[in-house]
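This report concerns only the one structure given below.
The values are calculated or read from the model by the stated rules, or taken from the named source; none is laboratory data. As the structure is a computational prediction, the values presented were derived from the model and not from experiment. Cβ placement follows ideal geometry from the backbone for every residue including glycine, while neighbour counts extend to all protein chains displayed.
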Amino acid sequence: MFLVSILGYALLGIAVLVACIIFIPYKYYISGKKLDESYVKGSVCWLFGAVKINFFKGEGKDSETTVKAFGIERRLKPGKSKEHAKKDSKQKTNSAKKYMKPEVIKKAVDAAFKIFKHCMPARFYVNARAGFEDPALTGMLCAVNAMAWGEFKGVRVRINAVFDDEVIEGRFLIGGRIWVAYLILVAIGTIITRPFRDIWMNDFKTKIKGGV
């Protein structure tokens, strides 16, 4: 009876943890600049900052990623070598060929747009100087900048056009939140559609025949 009670509490704790992971939003921000010093940095926070992932990439420097959870901080090691990455890339390319069908791509694109719309930042700040070799492109940039951002809340875009030089420099800041529950619903709603079901059923039948 005692062991059953411990198991019950353990399952309850796991259920609470899973519910927190799914229903508590994740906040993110990405910032960077390209001036005398260029860098990109960002972070993802969860549980009111108790869990945080930081990323930093400076010009001419290796990327740095640290994970901090409940006061314990750890720096992540670099990723796989190029040779392993190439092998994994070939395997993924071969397995992805069966998904290159119009109906599958359409469902994937619809899901991608839903996720992109959900993950759109609540804060989007840009302060930059930009100019192209062709002045017509710079003028087009000014027109798009004047029309594109007026209806979005939390968006502040200030671009100083440079017509006599080719230059892109400035600062930016992006911040928002992500609900994992919504991403799960979108993923489930996509993978249960008929195009994906047909592929998985064919794979399942192939494995059964191979096993027999």
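This table checks each residue for (1) closer than 28 Å to Cys20 by Cβ; (2) in the same structural domain as Tyr125 (by TED's automatic domain parsing); (3) modelled with pLDDT of 80 or more.
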| site | (1), (2), (3) |
| --- | --- |
| Ser38 | no, no, yes |
| Lys41 | yes, no, yes |
| Phe55 | yes, no, yes |
| Thr66 | yes, no, yes |
| Gly71 | yes, no, yes |
| Asp88 | no, no, no |
| Val104 | no, yes, yes |
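Can you run down the residue pairs with Cβ atoms below 7 Å, 6 or more apart or on separate chains, where the first is in the range 93-107 and assigned to a helix (DSSP H, G or I) and surrounded by 10 or more Cβ atoms within 10 Å (Cβ to Cβ) and the partner is of a type in the set (Ser, Thr, Tyr) and at pLDDT 75 or above?
What qualifies is Lys107/Thr190; Lys107/Thr193.
Of all residues in the range 1-47, how many are without any contact (Cβ under 8 Å) to a residue 40 or more places away in the chain and part of a helix (DSSP H, G or I)?
The number of residues fulfilling the criteria is 19.
The rows are residues; the columns are (1) among the basic types (Lys, Arg); (2) over 26 Å from Met100 (Cα atoms); (3) part of a loop (DSSP other than H, G, I, E, B); (4) at pLDDT 90 or above.
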position: Leu137; (1), (2), (3), (4): no, yes, no, no
position: Cys142; (1), (2), (3), (4): no, yes, no, no
position: Phe152; (1), (2), (3), (4): no, yes, yes, no
position: Gly175; (1), (2), (3), (4): no, yes, no, yes
position: Tyr182; (1), (2), (3), (4): no, no, no, yes
position: Leu185; (1), (2), (3), (4): no, no, no, yes
position: Phe196; (1), (2), (3), (4): no, no, no, no
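Looking at this structure, is Cys45 surrounded by 12 or more Cβ atoms within 10 Å (Cβ to Cβ), closer than 25 Å to Arg156 by Cβ and modelled with pLDDT under 85? Lay out the reasoning, then the answer.
Numbers: surrounded by 12 or more Cβ atoms within 10 Å (Cβ to Cβ): yes; closer than 25 Å to Arg156 by Cβ: yes; modelled with pLDDT under 85: no.
For Cys45, the condition - surrounded by 12 or more Cβ atoms within 10 Å (Cβ to Cβ), closer than 25 Å to Arg156 by Cβ and modelled with pLDDT under 85 - is not met.
Quick test for you: out of Asp62, Asp110, pick the one residue that is at pLDDT 80 or above and either over 26 Å from Lys34 (Cα atoms) or assigned to a helix (DSSP H, G or I) (or both).
On the way: Asp62 fails: either over 26 Å from Lys34 (Cα atoms) or assigned to a helix (DSSP H, G or I) (or both).
Sole residue among the options that is at pLDDT 80 or above and either over 26 Å from Lys34 (Cα atoms) or assigned to a helix (DSSP H, G or I) (or both): Asp110.
Could you please let me know if Leu173 is touching a residue at least 24 places away in the same chain (Cβ under 8 Å) and touching a Ser or Thr at 6+ places or on another chain (Cβ under 6 Å)? Reasoning before the result, please.
Working: touching a residue at least 24 places away in the same chain (Cβ under 8 Å): yes; touching a Ser or Thr at 6+ places or on another chain (Cβ under 6 Å): yes.
Criteria met by Leu173.
Limited to the range 108-142, what total is found for residues that are surrounded by fewer than 16 Cβ atoms within 10 Å (Cβ to Cβ), of a type outside the set (A, V, I, L, M, F, W, C) and more than 29 Å from Tyr28 (Cα to Cα)?
4
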